[in-house]
Amino acid sequence: MDLTQIQGVHVLFLAFAALAVVAAFNIILQRNPIYSAIGLIVVLCSLAVLFLMLYAPFIAAIQIIVYAGAIMVLFVFVIMLLNVRAEDAITDRLKYLKFIAPVFFLLLVGQIAFFVSRVQNPPPPAKIPGSVESIAEGMFTSYVVPFEAASVLILMAIVGSMLLAKREKEEDIVRIEQALAEAQAGEPVIEESNEEAHA
Amino acid sequence: MVPLSWYLALSAVLFTIGVIGVLVQRNVIVLFMCIELMLNAVNLSFVAFSRFFGDVTGQLFVFIVMAVAAAEAAVGLAIIISLFRNRETLNVDEADLLKL
């Protein structure tokens, strides 16, 4: 690897790192959530480029497909569905925190700079992982239990989100309110109606 | 080759921006995006370590993190929808009680 190549890689890293940082600030400074979502999409895409530079093409691909594709579409859908107005971001609650925040910020920056400056590159590995084959081999041999656990987790997420986002039917609400009123009035609630109300 | 410390520094910066967002923002959807940003910052560290140590485990961990993030986003956004339906607001300061 000659010097010009090294310079090119460094410039590429700095360009996409700067893009990611600017877009990340964009997320927290925008008033309108849809602009924040666009900022997050830019961060995810520039991180995908950095993953490619780290010889992780599979991770870069699923970063684009799953994160920038599926998850962010979900976010944008919810923002548009709820028709969110731009709100004031900073409230009076942060009145006192404003004065102690810079101190902690400088402390944190110092800490990060201290530890990052001590990091040294390990000796170059014999073989660079990242191909789909090597990932599949690891996932279906030594890490098959976390993989199956993730599938159970996603199943629970599907059921949970359907249950939470479901709009309750009008008659169900009336029945639940009736059962609650009967219970409060001290009347013995019939078991059958109680079960129906909970169903 | 780009040194490992650069990747770690970028990861730390992105994570910090995510934390600042969680502390400063009051919109629950943007708060959620900041959590996703923090997860991604950690993912960058994992992939960088995976490449520099020549071990594929870091990338497997990133895969699991992405699955968890997807599940979290689905359930979290469902909670946000039902919160908005019940309270007509997305401000987290106004939704600090479990009961209506």
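None of the figures in this text is laboratory data; all of them are computed from the coordinates on show. Owing to the predicted nature of the structure, the values given are computational and were not obtained by experimental measurement. Glycine also receives a Cβ, built like all others from the backbone with ideal geometry; neighbour counts cover every protein chain displayed.
Points to keep in mind about this one:
- Count of the range B:80-100 residues which are surrounded by 14 or more Cβ atoms within 10 Å (Cβ to Cβ) and without any contact (Cβ under 8 Å) to a residue 12 or more places away in the chain: 4
- A:Lys98 vs. criteria loosely packed, with under 12 Cβ neighbours inside 10 Å and part of a loop (DSSP other than H, G, I, E, B): no
- Look at the range B:7-24: where a residue is facing chain A (nearest Cβ under 7 Å) and a partner is not in a helix (DSSP H, G or I), sitting 6+ places away or on another chain with Cβ atoms under 8 Å, you get B:Leu8/A:Val119; B:Val24/A:Ala89; B:Val24/A:Ile90.
- When the test is whether a residue is part of a helix (DSSP H, G or I), more than 7 Å from chain B (Cβ to nearest Cβ) and touching a residue at least 40 places away in the same chain (Cβ under 8 Å), A:Ile34 passes it.
- Unique match (being surrounded by 13 or more Cβ atoms within 10 Å (Cβ to Cβ) and over 21 Å from B:Asp55 (Cα atoms)) among A:Ile154, A:Ile128: A:Ile154
- When the range B:25-75 is filtered for residues that are among the β-branched types (Val, Ile, Thr), over 12 Å from the mean Cα position of the chain (by Cα) and more than 7 Å from chain A (Cβ to nearest Cβ), only B:Val28 remains.
- Residue count for the range A:125-148 satisfying the condition of being assigned to a loop (DSSP other than H, G, I, E, B), more than 8 Å from chain B (Cβ to nearest Cβ) and not small (Gly, Ala, Ser): 1.
- Test: B:Leu90 is of a type in the set (A, V, I, L, M) and over 14 Å from the mean Cα position of the chain (by Cα): yes
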